[in-house]
Each structure stands twice: as structure tokens, then as C-alpha cells.
Amino acid sequence: MTYTPIDTDFEVVIGLEVHSQLLTKSKMFCSCSTGYANAAPNTHVCPVCMGMPGVLPVINQEAVTYTIMTALALNCSIPAYSKFDRKSYPYPDLMKGYQISQYDIPLSQNGYLTIDLHGQEKHIGITRVHLEEDTARLLHHDGYSLIDVNRAGTPLMEIVSEPDMRSPEEARLYMQKLREVLVYLGVASGKMEEGSLRCDANVSVRPRGEQKLGVKTEIKNMNSFRSVERALEYEARRQMAVIREGGKIRQETRGWVENKGITVLQRVKEYADDYRYFPEPDLPPLLISSEQVEEIRASLPELPDARRTRYQSDYGLSVQDANVMTEEKALGDYFERVMAVSQVKDRKARAKSASNWLLSELVRLLIANSVAIENCPLSPSALANLLDLLDKERITGKQAKDVLDEAFASGELPEEIVKKKGIKPPISDQGVLEGIIDGIIANNPKAVSDYRNGKTNIFQFLVGQVMKQTRGQAKPDIVQGLLRKKLDESPA
Ligand SMILES: [Zn+2]
């Protein structure tokens, strides 16, 4: 597949700053619970996260570990020494007037994330992964605003990329891949729609061939992968139009307005000086030994790229199936549980049928019933049991779909359903089937002569007649073979 650039005269340059809340139990610098999602406003708060004077923050060790895990998964190096800094800014969602963040010596730096760009691997540089705290939430009403401090102090990891992306599509692929990695590590929920994963994008354009970077703008408020791509495309085109008309791009922050499909000016960009960073005097420096780093590295779970490769090599899955089951980790987890309980010799054949049934029929049921795979009422052993019945030719594919529907609804084991409903084994006896087919041919002379006169689409009608007479107990492929043979070879 070839990629068509937005514009042949200009090149787009994109770097992303991604913020992810971490799935720690408590907040970054106090013991308040982070489980405030369904709580009343201002109920998960204490003097520390409310920014009262005189309080002392304490570093959350779990948040540090999660950040190092992420940094290692993104191929970053972890310096032995890093520290926290105060970043001053005067917004009402930050009660103490500054955010505790990391400035010149972050927890990690110099990594990369690999994306798949139309079948080609591309490394996107990771400048740094550092740790900071989330702000409170402002709820704007008509003429006044309310503040909810529950979110304030939630551990927030910032992942800054190099300006290595050259199209809005690459930015979307990067975001999707990054989310996969975070979810696989178990450090974040990765839910953009809920705001636990947020993305700010720096975008600039320059004439093709130019080495110097153009003036960038920063885009905020994108809450889906699709809106990241749309917002960047809009903004890149806006900048190109300004330059073509002889105008200049200003360094500024712009907000994406989803329902209008445009970016609008929010404020003229701050520079690092404006934040008056200085070392956080209430926190000790972070000292991470290489033993600690190696211990964390050794404990990393399997990451998406490794799973994708393993599904193809060990299970013989197609690239596409392997991709689907990697992107949605829970689907792959379910698939692996089906494989774990499958007592079969031919593992690849089982993997193929398991992924087929999982990705088509089971996903269909999940969508129709609005159930997430994590809460699937059909257990992996029940699906394996259904596949066993198919392998043993105890039921036909058509019957298996009906049994699956029932097992999904009732939670019963497929073999119990087969027994209870008195489903007879499929008719595979050739003699019996031939007798039935002869009868169908004799009773449908018009259809038979139409078929022999070239109206071959009548064939399915005749197959249907056989299936009807056998109550779906005949195997369609055998029926088709026998019927075609009889119709073709012996004109009556
Ligand atoms: Zn607190």
C-alpha cells in the first residue's frame, strides 16, 4: 500500500505528549484512594492533594515502578539519579499554584516505540517518560465554575515523543500502539474516552526538503484515536493555508472542537521559563540502582509485538487474526485459555478453529448482547467443548452455531445442550445421503432440468431441500459433492 501525503509541497512534523493516569491504589504523594470514578466530588481528598500549606508529600513507590516498567518497554534508559521539580502555573485547577513534575532529570530518556506503517516498521523516538501529578477538575456552569479535587494528585505519567511522525496517520498508529503497551503492562487502563489517557500534539509544517523545523502549535482536547488523526489533519492544512497566504504561524495552544471539526486558539504558548521550574524541596531525589532496573525488566510481561509474533509462529494464525487478538488483549487472553484447556494433538488446527469461532461467532454474540469479553458468560472450556464436538463430527457447523447461542445464553456446556435437545449425529453415511438425494432429484424435475440447462444458481435450492429433509443433520460439503456429481453425470 502506498501512502498519499496530505500535501505534496509541505511536510508535516508531529510530536506527541501523552499523559496516562497510572493504576496505582493511592495517589502520587498522599494515601488518598485513586478509585474516585463513581464517587461524589471532593470525597477522595486530604490536605496534601488539596494543596494546603505546610503539608509534606511522600513518593508513591508503585507509581515509580510503573513508570520504570513503561520506560523499559519503550526501550528507554533509566538514570541512576532523578528528581522532582516544581512547575508553577496559575490555573484554578491547581490549588497550590504549582504541579510536582520532573524537569531536567526525568526518570527515563532516549527510547523508541515501533509502529507498523503499511507493513514497514518505523521507530518513533521517545524523548522521555516522567512522573507527575494530575490536576483537579473544573466543572464549568453558566457564569461560574465548580472544582472537584478527587482527581488532583493522581499519578500521571507523561510520555514525550520526538518529532518523528510525518503524518496524522502515524500519530494515530503511535497512540494505538502506546495504549496497547500500557494495557499489556497493566499500568494503565488506556481509556481515552474517560480521560485516563490524554494526548497533546505538537504539529508544524515545512516546505518539503527543508531541514529546519517550522513553528509548531500544540493541539489539546482530543479524546479518541480518530480525533487525534482528524485534529492533526485539520491543523496541518490550516498551517499550510496560512503560509501559502504569506502569513506566519504563531507558537500557541489550540483546542480541538470535535463537533465542528476545527482547532481554535486557546492561548499563546508558554515557554519553559514561564513555569519557573526549581527542584522540589520537600522530596528526596530518586535513586534507582541498576539491580532494581534489571529486576523490573525481568518482571515485564509479554508485550504486544511478542504476542503478535508468537500467535503467528506457534499457532499458525494469519497476520490479521493475530493483530485483532493482540490489539484487544482480553480477546487474546480468552483465546489462550481456550487453547490451554484444549486436549488436542493438532494444536494449529485447534488454534485456527478457536480463533475463527472466537472472532466471528462469539464476537457477534458479545456485540449483540453488549457484553465485554471479560464478562463473557461462555467459558473458554465451553468453547473448547464446542470445538471438540465439531472435531468429532458430532454436530454440524450449522448446529454448532445454534448450540453456541444457547450455551452463551444459559452458560451450559455445549455437550449437555446437545444431549438435552436430542441432537442426532450428522448423517455422514454416503448410502443414506445418496438415497435422500435421489428422492430430491426425482421430486424436483423442474429444478433439475433448469440446472442442467445452465441455471446453475438453482443448485443451492436443491442443497436446501436435502438439508431440510435431513433436518440439518447432513454435512453440507458432502451433500454438495454428491448432489453435484449426480446432477452432472446422469441426465435422466
Ligand atoms: Zn490526598
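The values are calculated or read from the model by the stated rules, or taken from the named source; none is laboratory data. These figures come from a predicted structure and were not determined experimentally. Positions of Cβ are backbone-derived with ideal geometry, glycine not excepted, and every protein chain shown enters the neighbour counts. The protein model used for the area step is the full one, side chains on, heavy atoms only, and it has no ligands, DNA or RNA in it. Shrake-Rupley method; radii C 1.70, N 1.55, O 1.52, S 1.80 Å.
Listed conditions (1) in contact (Cβ under 8 Å) with a residue 60 or more places away in the chain; (2) crowded, with 16+ Cβ neighbours inside 10 Å are all met by TYR89, apart from (2). Looking only at region 18-50, residues that are in a loop (DSSP other than H, G, I, E, B) and closer than 17 Å to LEU156 by Cα come to 19 in all.
Checking the conditions here, which among SER145, SER161, SER167 is surrounded by 23 or more Cβ atoms within 10 Å (Cβ to Cβ), at negative phi and hydroxyl-bearing (Ser, Thr, Tyr)? Unique residue meeting the criteria: SER161.
In this structure, does LEU146 turn out to be within 16 Å of the ligand (Cβ to nearest atom) and more than 26 Å from SER204 (Cα to Cα)? So LEU146 does not fit the description; no. Selection of region 331-379 for residues being part of a loop (DSSP other than H, G, I, E, B), of a type in the set (S, T, N, Q) and farther than 19 Å from LEU317 by Cβ yields GLN343, ASN369, SER370, SER379. Scanning region 433-451 turns up one or more residues that are open to solvent by less than 40 Å² (accessible area, probe 1.4 Å) and not in a helix (DSSP H, G or I).
Among the residues of region 253-291, those identified as open to solvent by less than 50 Å² (accessible area, probe 1.4 Å), within 18 Å of TYR91 (Cα to Cα) and within 31 Å of the chain's Cα centre (by Cα) are THR253, ARG254, GLY255. Put simply, of THR470, THR456, THR396 the only residue that is under 23 Å from ARG364 (Cα atoms) and hydroxyl-bearing (Ser, Thr, Tyr) is THR396. Within region 85-110, the set of residues being among the hydroxyl-bearing types (Ser, Thr, Tyr) and in contact with a helix residue (DSSP H, G or I) (Cβ under 7 Å, 6 or more places away or on another chain) comprises SER88, TYR89, SER108.
Look at (1) away from the ligand (no atom under 16 Å from the Cβ); (2) assigned to a strand (DSSP E or B); (3) of a type outside the set (A, V, I, L, M) and you find that TYR66 fails only one, number (2). Would you check if there is a residue in region 24-40 being of a type in the set (Val, Ile, Thr), within 13 Å of the ligand (Cβ to nearest atom), in contact (Cβ under 8 Å) with a residue 12 or more places away in the chain and buried (at least 16 other Cβ atoms within 10 Å of the Cβ)? The answer is yes, given that some residue of region 24-40 is of a type in the set (Val, Ile, Thr), within 13 Å of the ligand (Cβ to nearest atom), in contact (Cβ under 8 Å) with a residue 12 or more places away in the chain and buried (at least 16 other Cβ atoms within 10 Å of the Cβ). Among the residues of region 216-251, the one identified as part of a helix (DSSP H, G or I), more than 25 Å from THR8 (Cβ to Cβ) and among the polar types (S, T, N, Q) is SER227. Residue count for region 402-430 under the criterion of being surrounded by fewer than 17 Cβ atoms within 10 Å (Cβ to Cβ) and in contact (Cβ under 8 Å) with a residue 40 or more places away in the chain: the result is 5.
A quick yes/no check of all residues on (1) out of contact with any Phe, Trp or Tyr (no Cβ under 8 Å at 6 or more places or on another chain); (2) touching a residue at least 40 places away in the same chain (Cβ under 8 Å); (3) under 16 Å from LEU383 (Cβ atoms); (4) open to solvent by less than 50 Å² (accessible area, probe 1.4 Å):
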residue: GLN312; (1), (2), (3), (4): yes, no, no, no
residue: GLY316; (1), (2), (3), (4): yes, no, no, yes
residue: ASP321; (1), (2), (3), (4): no, no, yes, yes
residue: MET325; (1), (2), (3), (4): no, no, yes, yes
residue: TYR334; (1), (2), (3), (4): yes, yes, yes, yes
residue: ALA340; (1), (2), (3), (4): yes, yes, yes, no
residue: ALA354; (1), (2), (3), (4): no, no, yes, yes
residue: TRP357; (1), (2), (3), (4): yes, yes, yes, yes
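The condition (being touching a Gly at 6+ places or on another chain (Cβ under 6 Å) and surrounded by 18 or more Cβ atoms within 10 Å (Cβ to Cβ)) is satisfied by just one residue among LEU178, LEU182: LEU182.
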